[in-house]
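So the structure is just underneath, and the comments pick up after that.
The values are calculated or read from the model by the stated rules, or taken from the named source; none is laboratory data. Here the structure is a predicted model, which means the values were calculated and not measured. Counting neighbours? That spans all protein chains shown, and the Cβs are built from the backbone with ideal geometry, glycine included. Ligands, DNA and RNA are stripped out before the accessible areas are found, and what is left, the full protein with its side chains, is counted by its heavy atoms. Shrake-Rupley method; radii C 1.70, N 1.55, O 1.52, S 1.80 Å.
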Amino acid sequence: MATVKQILGDLNKESFISLLRKLIGESKYVQNNPPELIPEEDRIVNHVLDTLLPYSTTTGGGPLVINHVTYKPKRGNLIVEYPGTQPGNILSFVGMHMDVVTANPCDWDFDPFSLSIDGDKLRGRGTTDCLGHVALVAELMRRLGETKQQLKSTVVAVFIASEENSSIPGVGVDALVKGGLLDKLKQGPLFWIDTADKQPCIGTGGSIPWKLHVTGKLFHSGLAHKAINPLELAMEALKEIQSRFYRDFPAHPKEQVYEFATPSTMKPTQWFYPGGGINQIPAECTVSGDVRLTPFYSVSDAMKKLQEYVDDINANIDKLDCRGPVSKYVLPDENLRGRITISFDEASSGVACDLNSRGFHVLCKATEEEVGHVKPYSITGTLPLIRDLQDEGFDVQTSGYGLSRFLDIQ
(Lines give C-alpha, C1' and ligand atoms only; values in the text may rest on other atoms or scores of the structure.)
Protein backbone atom coordinates (compact mmCIF):
# COMPACT_ATOMS: atom_id res chain seq x y z
CA MET A 1 0.00 0.00 0.00
CA ALA A 2 1.40 3.37 -1.01
CA THR A 3 2.40 5.79 1.76
CA VAL A 4 1.14 9.35 2.05
CA LYS A 5 4.55 10.56 0.92
CA GLN A 6 4.47 8.35 -2.17
CA ILE A 7 0.96 9.46 -3.11
CA LEU A 8 1.78 13.14 -2.73
CA GLY A 9 4.99 12.71 -4.72
CA ASP A 10 7.73 15.28 -5.16
CA LEU A 11 7.13 19.00 -5.40
CA ASN A 12 5.81 19.97 -8.84
CA LYS A 13 8.54 22.50 -9.64
CA GLU A 14 6.76 23.94 -12.67
CA SER A 15 3.59 24.60 -10.69
CA PHE A 16 5.55 25.97 -7.71
CA ILE A 17 7.62 28.37 -9.81
CA SER A 18 4.54 29.51 -11.71
CA LEU A 19 2.77 30.44 -8.48
CA LEU A 20 5.88 31.99 -6.95
CA ARG A 21 6.37 34.14 -10.04
CA LYS A 22 2.89 35.57 -9.55
CA LEU A 23 3.51 36.20 -5.85
CA ILE A 24 6.87 37.93 -6.37
CA GLY A 25 5.16 40.01 -9.04
CA GLU A 26 2.99 41.44 -6.25
CA SER A 27 5.85 42.03 -3.79
CA LYS A 28 6.04 45.75 -4.57
CA TYR A 29 2.50 46.10 -3.22
CA VAL A 30 2.97 44.04 -0.06
CA GLN A 31 5.99 45.90 1.36
CA ASN A 32 5.32 46.58 5.03
CA ASN A 33 6.64 49.88 6.38
CA PRO A 34 3.77 52.07 7.64
CA PRO A 35 2.73 54.76 7.21
CA GLU A 36 4.43 55.06 3.82
CA LEU A 37 3.95 51.46 2.74
CA ILE A 38 0.91 49.51 3.92
CA PRO A 39 0.72 46.06 2.32
CA GLU A 40 -2.29 44.74 0.45
CA GLU A 41 -1.99 41.05 1.33
CA ASP A 42 -5.19 40.23 -0.52
CA ARG A 43 -3.13 40.49 -3.70
CA ILE A 44 -1.32 37.36 -2.50
CA VAL A 45 -4.50 35.77 -1.16
CA ASN A 46 -6.12 35.99 -4.59
CA HIS A 47 -3.34 33.98 -6.25
CA VAL A 48 -3.46 31.32 -3.53
CA LEU A 49 -7.23 31.13 -3.91
CA ASP A 50 -6.85 30.65 -7.66
CA THR A 51 -4.65 27.65 -6.87
CA LEU A 52 -6.80 26.07 -4.14
CA LEU A 53 -10.44 26.92 -4.88
CA PRO A 54 -10.78 24.23 -7.60
CA TYR A 55 -10.15 21.63 -4.86
CA SER A 56 -12.40 23.16 -2.23
CA THR A 57 -15.87 22.73 -0.77
CA THR A 58 -16.57 26.26 -2.01
CA THR A 59 -16.63 25.09 -5.62
CA GLY A 60 -17.53 21.47 -4.89
CA GLY A 61 -14.29 20.33 -6.49
CA GLY A 62 -12.63 18.89 -3.43
CA PRO A 63 -12.33 18.59 0.35
CA LEU A 64 -10.42 21.80 1.18
CA VAL A 65 -12.29 24.09 3.56
CA ILE A 66 -11.22 27.68 2.91
CA ASN A 67 -11.81 30.70 5.13
CA HIS A 68 -10.68 34.14 3.96
CA VAL A 69 -10.53 36.26 7.14
CA THR A 70 -10.10 40.02 6.88
CA TYR A 71 -9.86 42.57 9.69
CA LYS A 72 -8.63 45.52 7.62
CA PRO A 73 -9.51 46.36 3.99
CA LYS A 74 -7.32 44.52 1.46
CA ARG A 75 -5.37 42.84 4.28
CA GLY A 76 -6.70 39.31 4.49
CA ASN A 77 -5.56 36.06 6.10
CA LEU A 78 -6.32 32.64 4.65
CA ILE A 79 -7.10 29.49 6.65
CA VAL A 80 -7.13 26.28 4.59
CA GLU A 81 -8.19 22.98 6.18
CA TYR A 82 -7.88 19.43 4.89
CA PRO A 83 -10.18 17.37 7.17
CA GLY A 84 -8.89 14.18 8.76
CA THR A 85 -10.86 11.14 9.87
CA GLN A 86 -10.08 11.19 13.61
CA PRO A 87 -11.45 14.10 15.66
CA GLY A 88 -8.82 15.78 17.79
CA ASN A 89 -5.90 14.74 15.59
CA ILE A 90 -4.47 17.85 13.97
CA LEU A 91 -1.28 19.46 12.74
CA SER A 92 -0.83 22.90 11.28
CA PHE A 93 1.49 25.01 9.18
CA VAL A 94 1.39 28.66 10.21
CA GLY A 95 3.57 31.71 9.73
CA MET A 96 3.71 31.84 5.94
CA HIS A 97 3.24 35.59 5.83
CA MET A 98 2.15 37.51 2.78
CA ASP A 99 3.94 40.80 3.46
CA VAL A 100 7.62 41.54 2.83
CA VAL A 101 10.28 43.97 3.98
CA THR A 102 11.03 46.92 1.74
CA ALA A 103 13.37 46.82 -1.24
CA ASN A 104 14.96 49.75 -3.07
CA PRO A 105 15.50 48.72 -6.70
CA CYS A 106 18.52 51.06 -6.88
CA ASP A 107 20.31 48.83 -4.38
CA TRP A 108 19.73 45.62 -6.34
CA ASP A 109 21.51 44.17 -9.36
CA PHE A 110 18.18 42.89 -10.69
CA ASP A 111 14.51 43.77 -10.36
CA PRO A 112 13.51 42.78 -6.81
CA PHE A 113 9.82 42.82 -7.71
CA SER A 114 9.91 40.07 -10.30
CA LEU A 115 11.12 36.49 -10.02
CA SER A 116 14.43 35.73 -11.71
CA ILE A 117 16.37 32.49 -11.82
CA ASP A 118 20.16 32.37 -11.55
CA GLY A 119 21.32 28.78 -11.83
CA ASP A 120 19.68 27.00 -8.92
CA LYS A 121 18.78 30.24 -7.12
CA LEU A 122 15.34 31.84 -7.19
CA ARG A 123 15.72 35.60 -6.72
CA GLY A 124 13.33 38.37 -5.79
CA ARG A 125 11.91 40.08 -2.72
CA GLY A 126 10.17 37.45 -0.64
CA THR A 127 11.55 34.23 -2.09
CA THR A 128 12.81 33.21 1.36
CA ASP A 129 10.95 35.67 3.59
CA CYS A 130 8.28 34.56 3.04
CA LEU A 131 6.45 34.29 -0.30
CA GLY A 132 8.43 31.19 -1.20
CA HIS A 133 6.92 29.48 1.83
CA VAL A 134 3.47 30.72 0.86
CA ALA A 135 3.87 29.05 -2.53
CA LEU A 136 5.37 25.89 -1.01
CA VAL A 137 2.57 25.27 1.50
CA ALA A 138 -0.08 26.25 -1.06
CA GLU A 139 1.32 23.55 -3.33
CA LEU A 140 1.13 21.03 -0.48
CA MET A 141 -2.51 21.87 0.20
CA ARG A 142 -3.31 21.75 -3.52
CA ARG A 143 -1.81 18.28 -3.74
CA LEU A 144 -3.81 17.09 -0.73
CA GLY A 145 -6.95 18.45 -2.37
CA GLU A 146 -6.11 16.67 -5.63
CA THR A 147 -5.31 13.26 -4.16
CA LYS A 148 -8.12 13.23 -1.53
CA GLN A 149 -6.24 10.87 0.77
CA GLN A 150 -7.80 9.47 3.93
CA LEU A 151 -5.64 10.98 6.66
CA LYS A 152 -6.18 10.43 10.38
CA SER A 153 -5.04 13.96 11.17
CA THR A 154 -6.57 17.20 9.96
CA VAL A 155 -4.02 19.40 8.20
CA VAL A 156 -4.42 23.17 8.48
CA ALA A 157 -2.46 25.89 6.69
CA VAL A 158 -2.70 29.48 7.92
CA PHE A 159 -1.37 32.16 5.57
CA ILE A 160 -1.07 35.37 7.56
CA ALA A 161 -0.97 39.11 7.03
CA SER A 162 1.21 41.67 8.80
CA GLU A 163 4.24 39.80 10.11
CA GLU A 164 7.04 42.19 9.15
CA ASN A 165 5.73 45.21 11.06
CA SER A 166 3.44 45.29 14.10
CA SER A 167 2.75 49.03 14.23
CA ILE A 168 -0.79 48.39 12.93
CA PRO A 169 -2.27 45.80 15.31
CA GLY A 170 -5.25 43.54 14.83
CA VAL A 171 -4.49 42.50 11.26
CA GLY A 172 -2.79 39.10 11.25
CA VAL A 173 -2.21 36.14 13.53
CA ASP A 174 -2.75 38.25 16.66
CA ALA A 175 -6.32 38.92 15.55
CA LEU A 176 -6.89 35.29 14.51
CA VAL A 177 -5.82 34.09 17.97
CA LYS A 178 -7.90 36.75 19.72
CA GLY A 179 -10.93 35.71 17.68
CA GLY A 180 -10.48 32.04 18.61
CA LEU A 181 -10.05 30.94 15.00
CA LEU A 182 -6.87 29.00 15.78
CA ASP A 183 -7.92 27.43 19.08
CA LYS A 184 -8.20 23.89 17.76
CA LEU A 185 -4.59 24.05 16.54
CA LYS A 186 -3.55 23.67 20.20
CA GLN A 187 -4.47 19.98 19.91
CA GLY A 188 -1.37 19.21 17.87
CA PRO A 189 2.00 20.57 16.76
CA LEU A 190 2.09 23.96 15.06
CA PHE A 191 4.89 24.27 12.54
CA TRP A 192 5.84 27.92 12.00
CA ILE A 193 7.25 28.05 8.46
CA ASP A 194 9.27 31.26 8.38
CA THR A 195 12.92 30.51 9.08
CA ALA A 196 15.60 29.19 6.73
CA ASP A 197 18.33 26.66 5.94
CA LYS A 198 16.14 23.54 5.92
CA GLN A 199 16.77 22.71 9.57
CA PRO A 200 14.63 23.01 12.72
CA CYS A 201 15.12 26.39 14.38
CA ILE A 202 14.57 25.59 18.06
CA GLY A 203 15.36 28.92 19.68
CA THR A 204 15.10 32.63 18.97
CA GLY A 205 16.08 35.74 20.87
CA GLY A 206 14.16 38.51 22.53
CA SER A 207 14.69 42.07 21.35
CA ILE A 208 14.88 45.30 23.36
CA PRO A 209 15.38 48.39 21.16
CA TRP A 210 16.89 51.18 23.26
CA LYS A 211 17.92 54.84 22.96
CA LEU A 212 20.51 56.47 25.19
CA HIS A 213 20.10 60.24 25.16
CA VAL A 214 23.09 62.15 26.51
CA THR A 215 23.08 65.79 27.60
CA GLY A 216 26.27 67.82 28.04
CA LYS A 217 27.18 71.47 27.55
CA LEU A 218 27.85 73.09 24.20
CA PHE A 219 31.08 75.08 23.86
CA HIS A 220 33.93 75.88 21.48
CA SER A 221 36.33 72.97 21.11
CA GLY A 222 39.27 75.28 21.75
CA LEU A 223 37.95 75.77 25.27
CA ALA A 224 37.14 72.17 26.02
CA HIS A 225 37.47 72.71 29.77
CA LYS A 226 34.28 74.81 29.65
CA ALA A 227 32.25 72.06 27.95
CA ILE A 228 30.69 68.75 28.93
CA ASN A 229 31.29 66.61 25.88
CA PRO A 230 28.21 64.41 25.37
CA LEU A 231 30.01 62.26 22.80
CA GLU A 232 32.69 61.28 25.30
CA LEU A 233 30.09 60.82 28.01
CA ALA A 234 28.05 58.57 25.72
CA MET A 235 31.05 56.40 24.90
CA GLU A 236 32.13 55.97 28.50
CA ALA A 237 28.59 55.45 29.80
CA LEU A 238 27.84 52.89 27.12
CA LYS A 239 31.07 51.05 27.89
CA GLU A 240 30.06 50.86 31.56
CA ILE A 241 26.50 49.77 30.71
CA GLN A 242 27.77 47.01 28.43
CA SER A 243 30.23 45.81 31.06
CA ARG A 244 27.46 45.52 33.65
CA PHE A 245 25.07 43.88 31.18
CA TYR A 246 27.51 41.10 30.30
CA ARG A 247 28.19 40.57 34.00
CA ASP A 248 24.48 40.20 34.80
CA PHE A 249 23.46 38.29 31.64
CA PRO A 250 26.34 35.92 30.87
CA ALA A 251 26.13 32.91 28.57
CA HIS A 252 23.40 30.65 29.95
CA PRO A 253 24.03 26.87 30.24
CA LYS A 254 20.91 26.09 28.17
CA GLU A 255 22.34 28.04 25.23
CA GLN A 256 24.64 25.08 24.53
CA VAL A 257 21.72 22.65 24.64
CA TYR A 258 19.85 24.77 22.10
CA GLU A 259 22.93 25.43 19.95
CA PHE A 260 22.61 29.21 20.09
CA ALA A 261 25.05 30.89 17.72
CA THR A 262 25.62 33.76 20.17
CA PRO A 263 24.79 34.53 23.80
CA SER A 264 22.79 37.59 24.79
CA THR A 265 24.23 40.85 23.46
CA MET A 266 23.80 44.57 24.13
CA LYS A 267 25.34 46.91 21.56
CA PRO A 268 24.95 50.24 19.73
CA THR A 269 23.90 50.32 16.09
CA GLN A 270 23.13 54.02 15.43
CA TRP A 271 24.51 57.41 16.47
CA PHE A 272 22.79 60.79 16.15
CA TYR A 273 23.75 64.35 17.04
CA PRO A 274 22.10 67.67 16.16
CA GLY A 275 24.86 68.96 13.88
CA GLY A 276 27.23 71.89 14.13
CA GLY A 277 30.76 72.90 13.20
CA ILE A 278 33.78 70.67 13.59
CA ASN A 279 35.13 73.12 16.17
CA GLN A 280 32.00 72.90 18.31
CA ILE A 281 31.39 70.44 21.13
CA PRO A 282 27.66 69.70 20.86
CA ALA A 283 25.16 69.92 23.67
CA GLU A 284 23.64 66.48 23.18
CA CYS A 285 23.71 63.22 21.26
CA THR A 286 21.75 60.00 21.08
CA VAL A 287 23.07 56.46 20.74
CA SER A 288 20.60 53.74 19.73
CA GLY A 289 20.89 50.00 19.58
CA ASP A 290 19.33 46.81 20.82
CA VAL A 291 19.60 43.97 23.27
CA ARG A 292 19.26 40.48 21.87
CA LEU A 293 18.36 38.24 24.78
CA THR A 294 18.30 34.45 24.76
CA PRO A 295 14.93 33.09 25.96
CA PHE A 296 16.34 31.86 29.26
CA TYR A 297 16.40 35.43 30.56
CA SER A 298 13.47 37.75 31.20
CA VAL A 299 13.09 40.76 28.93
CA SER A 300 11.46 42.75 31.72
CA ASP A 301 14.35 41.92 34.08
CA ALA A 302 16.86 43.09 31.47
CA MET A 303 15.01 46.38 30.94
CA LYS A 304 14.87 46.96 34.69
CA LYS A 305 18.62 46.33 34.97
CA LEU A 306 19.43 48.74 32.14
CA GLN A 307 17.44 51.45 33.87
CA GLU A 308 19.28 50.72 37.13
CA TYR A 309 22.65 51.05 35.37
CA VAL A 310 21.68 54.45 33.98
CA ASP A 311 20.37 55.70 37.33
CA ASP A 312 23.56 54.65 39.10
CA ILE A 313 25.80 56.24 36.46
CA ASN A 314 23.90 59.52 36.76
CA ALA A 315 24.21 59.46 40.54
CA ASN A 316 27.96 58.84 40.30
CA ILE A 317 28.76 60.55 37.03
CA ASP A 318 31.83 62.24 38.52
CA LYS A 319 33.36 58.78 39.02
CA LEU A 320 32.95 57.75 35.37
CA ASP A 321 36.18 57.47 33.37
CA CYS A 322 37.06 60.65 31.44
CA ARG A 323 39.13 61.17 28.29
CA GLY A 324 42.11 63.46 28.69
CA PRO A 325 43.18 66.10 31.24
CA VAL A 326 40.27 68.49 30.74
CA SER A 327 37.53 66.00 29.93
CA LYS A 328 34.86 66.09 32.61
CA TYR A 329 31.15 65.45 33.11
CA VAL A 330 30.60 67.91 35.98
CA LEU A 331 31.16 71.70 36.02
CA PRO A 332 30.85 72.58 39.74
CA ASP A 333 31.25 76.34 39.25
CA GLU A 334 28.22 76.35 36.96
CA ASN A 335 26.31 73.69 38.91
CA LEU A 336 26.07 71.60 35.72
CA ARG A 337 26.20 67.84 35.39
CA GLY A 338 26.10 65.70 32.32
CA ARG A 339 23.12 63.37 32.20
CA ILE A 340 22.04 60.22 30.40
CA THR A 341 18.51 58.88 29.97
CA ILE A 342 17.43 55.58 28.46
CA SER A 343 14.17 54.81 26.71
CA PHE A 344 12.82 51.68 25.06
CA ASP A 345 10.77 50.92 21.99
CA GLU A 346 8.50 47.86 21.85
CA ALA A 347 10.31 44.83 23.27
CA SER A 348 9.62 41.17 22.57
CA SER A 349 10.66 37.88 24.16
CA GLY A 350 12.50 34.97 22.59
CA VAL A 351 11.37 31.37 22.28
CA ALA A 352 12.80 28.02 23.31
CA CYS A 353 10.83 25.29 21.53
CA ASP A 354 9.77 22.19 23.44
CA LEU A 355 12.44 19.58 22.66
CA ASN A 356 10.25 16.83 24.13
CA SER A 357 7.39 17.60 21.78
CA ARG A 358 6.25 14.91 19.36
CA GLY A 359 6.13 17.64 16.75
CA PHE A 360 9.83 18.35 17.27
CA HIS A 361 10.79 14.70 16.89
CA VAL A 362 8.64 14.31 13.77
CA LEU A 363 10.21 17.43 12.25
CA CYS A 364 13.71 16.11 12.98
CA LYS A 365 12.92 12.72 11.45
CA ALA A 366 11.44 14.27 8.31
CA THR A 367 14.40 16.66 7.96
CA GLU A 368 16.88 13.79 8.22
CA GLU A 369 15.00 11.77 5.62
CA GLU A 370 14.78 14.59 3.09
CA VAL A 371 17.94 16.64 3.70
CA GLY A 372 20.22 13.79 4.72
CA HIS A 373 21.07 15.14 8.15
CA VAL A 374 19.42 17.04 10.97
CA LYS A 375 21.12 19.79 12.96
CA PRO A 376 18.73 21.98 14.96
CA TYR A 377 19.98 25.49 15.59
CA SER A 378 19.10 28.68 17.44
CA ILE A 379 19.75 32.35 16.72
CA THR A 380 19.05 35.60 18.52
CA GLY A 381 17.02 36.87 15.61
CA THR A 382 13.49 37.64 16.78
CA LEU A 383 10.14 36.11 15.87
CA PRO A 384 7.84 37.84 18.37
CA LEU A 385 4.64 36.30 17.07
CA ILE A 386 5.67 32.74 17.91
CA ARG A 387 6.37 33.62 21.54
CA ASP A 388 2.85 35.00 21.74
CA LEU A 389 1.53 31.71 20.34
CA GLN A 390 3.62 29.68 22.78
CA ASP A 391 2.29 31.76 25.67
CA GLU A 392 -1.25 31.03 24.43
CA GLY A 393 -0.63 27.27 24.71
CA PHE A 394 0.41 26.31 21.18
CA ASP A 395 3.17 23.73 20.66
CA VAL A 396 5.26 25.84 18.29
CA GLN A 397 8.05 24.31 16.21
CA THR A 398 9.81 26.27 13.48
CA SER A 399 11.53 25.58 10.19
CA GLY A 400 12.05 27.11 6.76
CA TYR A 401 13.49 26.26 3.38
CA GLY A 402 15.31 29.24 1.90
CA LEU A 403 18.96 30.05 2.53
CA SER A 404 19.71 32.67 5.15
CA ARG A 405 22.93 33.75 3.43
CA PHE A 406 20.84 35.09 0.55
CA LEU A 407 18.29 36.96 2.69
CA ASP A 408 19.69 40.31 1.52
CA ILE A 409 18.58 39.55 -2.03
CA GLN A 410 15.44 37.62 -1.16
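Values for this structure:
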read-out	value
With every protein chain in place, the range 1-78: carbon and sulfur % of accessible area (1.4 Å)	53
Estimated FRET transfer efficiency (residue 184, residue 5; beta-carbon r; R0 25 Å; 0.05)	0.50
Projected label distance in nm at residue 261 and residue 67, using a 7 Å step from Cα toward the beta-carbon	3.6
Net lengthening on full extension, residue 242/residue 152 (0.36 nm per residue, minus Cα-Cα)	27.1 nm
Segment residue 391-residue 300, extension gain: residue separation times 0.36 nm, minus the distance between their alpha carbons	31.2 nm
Extension reserve of the residue 377-residue 308 stretch, reckoned as 0.36 nm per residue once the Cα distance is removed	21.5 nm
5 angstrom amide H check on residue 61, placed H, neighbours 5+ away	56
Note, ³J(HN,Hα) from phi for the range 86-99, Karplus 6.51, -1.76, 1.60, rounded to Hz, x at Gly and Pro	10, x, x, 8, 7, 9, 9, 10, 10, x, 6, 8, 9, 10
Which of 383, 91, 181 is most accessible, then next, and so on - probe 1.4 Å	181, 91, 383
Of all DSSP beta bridges in the chain, antiparallel share, percent nearest 5	70
Model label zone, residue 327; criterion: amide N under 12 Å from point 7 Å along Cα-to-beta-carbon; scope the range 199-237	229-237
Solvent-accessible area of residue 140 with every protein chain in place, 1.4 Å probe, in Å² to the nearest 10	60
Candidates 324, 180, 222, ranked by Gaussian network fluctuation over the chain, Cα under 10 Å, top entry	324
Most mobile listed residue (172, 119, 275) in the chain, GNM with C-alpha springs under 10 Å	119
Simple spin-label estimate for residue 13 and residue 57 in nanometres, 7 Å along Cα-Cβ	3.7
Reported label for calculated Rg/Rh (Cα atoms, Kirkwood Rh) given [x] 0.96; [y] 1.07; [z] 1.04	[y]
The range 348-410: C-alpha gyration tensor shape, a/c 1.5 cut-off, then a/b vs b/c	oblate
With all protein chains modelled, accessible area of residue 81 [1.4 Å, Å²]	40
